[in-house]
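*Asks:* Have a look at this one before I ask anything.
The values are calculated or read from the model by the stated rules, or taken from the named source; none is laboratory data. Here the structure is a predicted model, which is why all the values come from computation and not from measurement. When we count neighbours, we look across all protein chains shown, and the Cβ atoms used for this are built from the backbone with ideal geometry, even at glycine.
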Amino acid sequence: MLSKTHAKTPASVLLAICLAAVFALGSFAAPEPANPAADEIAQVTSGVLSGKGQITINGNAAQAGATILSGSTIGTGSDGYAVIDLGALGRVELRPNTVIELTFTADGIHIKSPCNVKVAVTRGQVAVIAPNAETINSGEDKRYEGGAEFNAAIGTDVILDCGSGAGVALAGATAGTAAGGGVIGPGLTGVLILAGVGGAVAAGVAVGGQEPPAQVSGIVP
């Protein structure tokens with residue numbers, strides 16, 4: 001017959017057994033699920049172009065459905081309108097006569113524009129790097145003379161508009177000649193055409209005494 005001392009199991013032993021069982025079961029628990037949003041962003045290596053009119057990618061005429069890679073230069077002509085859908089990263093919209101360089105980063109979208117550009121944020125937030133550091137929040141817009149460089153946070157939708165005048169010439173010089181032609185690109189042909197326009201303006205002043213227009217557009221009629 002067992003003595004009462006050996007018949008009773010100490011409480012400390014039972015507690016140790018319970019703790020060991022808990023830790024053993026915990027080691028078989030399923031790992032934490034990965035962040036689907038982070039995975040989706042990491043997989044964004046290109047965007048899809050939609051729009052109409054004169055659109056170029058790296059100086060080549062482009063159409064809706066084209067793929068936009070990181071580091072691409074996208075330009076629109078006087079009748080051009082473009083939208084770059086980057087999925088989880090966001091959305092970039094280009095109004096006529098606009099040119100930008102687009103780079104994808106782990107934090108969002110890096111955008112540079114050499115023209116007098118208006119930046120309008122419809123969703124998310126934009127951190128301006130140049131010409132001066134500031135933030136543009138959703139529902140706000142700012143115009144920058146002489147170009148701008150900024151970072152659009154993940155999930156940001158932004159509209160860029162260089163307008164007329166200098167923006168047209170810069171779009172042509174940077175992005176090349178758009179389909180259907182009108183934008184003057186770099187090279188001898190563009191120089192000769194511009195020279196011809198300048199000569200015609202000078203002749204008009206000499207003969208008619210009229211002042212030349214304030215700006216000469218990069219669009220050939």
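*Asks:* Among Ile159, Ile184, which is out of contact with any Lys or Arg (no Cβ under 9 Å at 6 or more places or on another chain) and either β-branched (Val, Ile, Thr) or modelled with pLDDT of 95 or more (or both)?
*Replies:* Ile184
*Asks:* Still on this structure, I have one more. Under the condition of being among the small types (Gly, Ala, Ser) and in a strand (DSSP E or B), which residue from segment 54-78 is nearest to Cys115 (Cα to Cα)? Don't jump to the end; show me each part of the working.
*Replies:* Filtering segment 54-78 down to residues among the small types (Gly, Ala, Ser) leaves 59, 61-62, 64-66, 70-72, 75, 77-78.
In the following step, the residues that additionally are in a strand (DSSP E or B) were identified as 61, 72, 75.
Values: Ala61: 20, Ser72: 16, Gly75: 11 Å.
The residue in question is Gly75.
*Asks:* Next up: Taking into account only those residues within segment 35-57 that are out of contact with any Ser or Thr (no Cβ under 8 Å at 6 or more places or on another chain) and surrounded by 14 or more Cβ atoms within 10 Å (Cβ to Cβ), which is modelled with the lowest pLDDT?
*Replies:* Only one residue tops the list, namely Ile41.
*Asks:* May I pose another question? Could you list, in sequence order, the residues of segment 100-148 that are of a type in the set (D, E, K, R), farther than 15 Å from Asp161 by Cβ and outside any loop (DSSP other than H, G, I, E, B)?
*Replies:* Across segment 100-148, the qualifying residues are Glu101, Lys112, Arg123, Glu134.
*Asks:* If I ask for residues that are on the phi > 0 side of the Ramachandran plot and either within 16 Å of the chain's Cα centre (by Cα) or without any contact (Cβ under 8 Å) to a residue 60 or more places away in the chain (or both), which ones from segment 54-89 would you list?
*Replies:* Residues satisfying the conditions are Asn58, Gly65, Gly71, Gly87.
*Asks:* Moving on. Looking at segment 106-125, I want the residues that are without any contact (Cβ under 8 Å) to a residue 40 or more places away in the chain and more than 15 Å from Ser70 (Cα to Cα) and have a partner that is surrounded by 22 or more Cβ atoms within 10 Å (Cβ to Cβ) and of a type in the set (A, V, I, L, M) with Cβ atoms under 6 Å, at least 6 apart or on another chain. Which pairs are those?
*Replies:* Val121/Val158
Here's the yes/no breakdown for (1) in contact with a Phe, Trp or Tyr (Cβ under 7 Å, 6 or more places away or on another chain); (2) at pLDDT below 95; (3) charged (D, E, K, R):
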site: Glu101; (1), (2), (3): no, no, yes
site: Thr122; (1), (2), (3): no, no, no
site: Ile129; (1), (2), (3): yes, no, no
site: Asp141; (1), (2), (3): no, no, yes
